[in-house]
Amino acid sequence: MEERDVITIEQANGGRLRGIARWLQRSASSISRELKWNGSRGGYRAAEAQRQALRRRRRRSRRARKMDYVPLRAYIDEKLGLYWSPEQIAGRGRQEPGDQRRQVSHETIYRFILESAKRGVSYEPYLRQWKPSFAYGTNAPKSVSAIERWKKP
């Protein structure tokens, strides 16, 4: 039986919040939050709670919203054009005083590069590992671009 079904049944039978939490081996605050987010005036219904949770999950965006800030994008474009790594760009952004919106992590920059590649804008030539490394011998591993490494789970 799903946890949301257990919450529905226990609450209908008059179960207390802490008792339900103990039964599900969850913290009482987690159960309280679930009831607050997914409950309604008519009580808590597991099917409706699941629908609401899925709807919220779909609405949640995974894109790098910070990259909507045009001066930050221009700064990153400039530094990638100078063959700086995302780690260098992020580190320099933290060191420079000024606009807090220009501070960004290297993970956000990589996410932006990956999203740009999906839209047809390629930043791969500016990444250091994009160029194949030359190794002599037949057993040399093939180079993998940074984008390909980020795509892998």
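What follows draws every value from the coordinates through simple rules; no lab data is involved. None of the values given here were measured: they were computed from a predicted structure. Glycine gets a Cβ as well: all are built from the backbone with ideal geometry, and neighbour counts include every protein chain shown.
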9 Å beta-carbon shell around Ala46, net charge (K/R +1, D/E -1)
-2
Simple spin-label model, 7 Å along Cα-to-Cβ: Arg41 to Lys118 in nm?
3.9 nm
Determine the sum of side-chain charges near Ile9: Lys and Arg each +1, Asp and Glu each -1, restricted to other residues whose C-beta is under 13 angstrom from that of Ile9.
-2
In order through the range 11-25: 3J(HN,Hα) via Karplus (6.51 cos²θ - 1.76 cosθ + 1.60), integer Hz, x for Gly, Pro
5, 5, 8, x, x, 7, 4, 5, x, 5, 4, 5, 4, 8, 6
From the phi of every residue in the range 68-83, what ³J(HN,Hα) in whole Hz does the Karplus formula 6.51 cos²θ - 1.76 cosθ + 1.60 yield, where θ is phi - 60° and glycine or proline is x?
6, 6, 4, x, 5, 4, 5, 4, 5, 4, 4, 6, 5, x, 8, 6
Nothing charged except the Cβ atoms of Lys and Arg (+1) and of Asp and Glu (-1): what's the magnitude of the dipole of the range 3-59 about its Cα centre? Round to the nearest 20 debye.
380 debye
